[in-house]
1. Starting from residues that are modelled with pLDDT of 80 or more and among the aliphatic types (A, V, I, L, M), keep the ones in region 7-22 and report whichever is nearest to GLU58 (Cα to Cα).
2. Which of the residues spanning region 42-53 are modelled with pLDDT of 90 or more and either open to solvent by less than 80 Å² (accessible area, probe 1.4 Å) or outside any loop (DSSP other than H, G, I, E, B) (or both)?
3. Scan region 23-41 for residues that are open to solvent by 100 Å² or more (accessible area, probe 1.4 Å) and more than 13 Å from GLU58 (Cα to Cα) and jot them down.
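The values are calculated or read from the model by the stated rules, or taken from the named source; none is laboratory data. Computed from a prediction, not measured in an experiment: that's the story for all the values here. With ligands, DNA and RNA removed, areas are computed over all heavy atoms of the protein, side chains included. Shrake-Rupley method; radii C 1.70, N 1.55, O 1.52, S 1.80 Å.
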Amino acid sequence: MAQYSRRRAYRHATPFIRLQSLSNGQSFCLWIGKSAVAAPLAGHFNTYGLSRTATVPEF
């Protein structure tokens, strides 16, 4: 337990959700970021409905 008391607490500026992989059962955090763009961009979305390149409408 002493090893955990020396760990630094990290704070993230972006929100996240905790998920569990359906393929291997491991849990992981998915951080969500939002940025403004000048024009909509088409692209591909992953299985979580998110994309690093495509834009989604603000709702």
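1. Only one residue tops the list, namely ILE17.
2. Passing the criteria: only GLY43.
3. Of everything in region 23-41, those that are open to solvent by 100 Å² or more (accessible area, probe 1.4 Å) and more than 13 Å from GLU58 (Cα to Cα) turn out to be SER23, GLN26, TRP31, ALA38.
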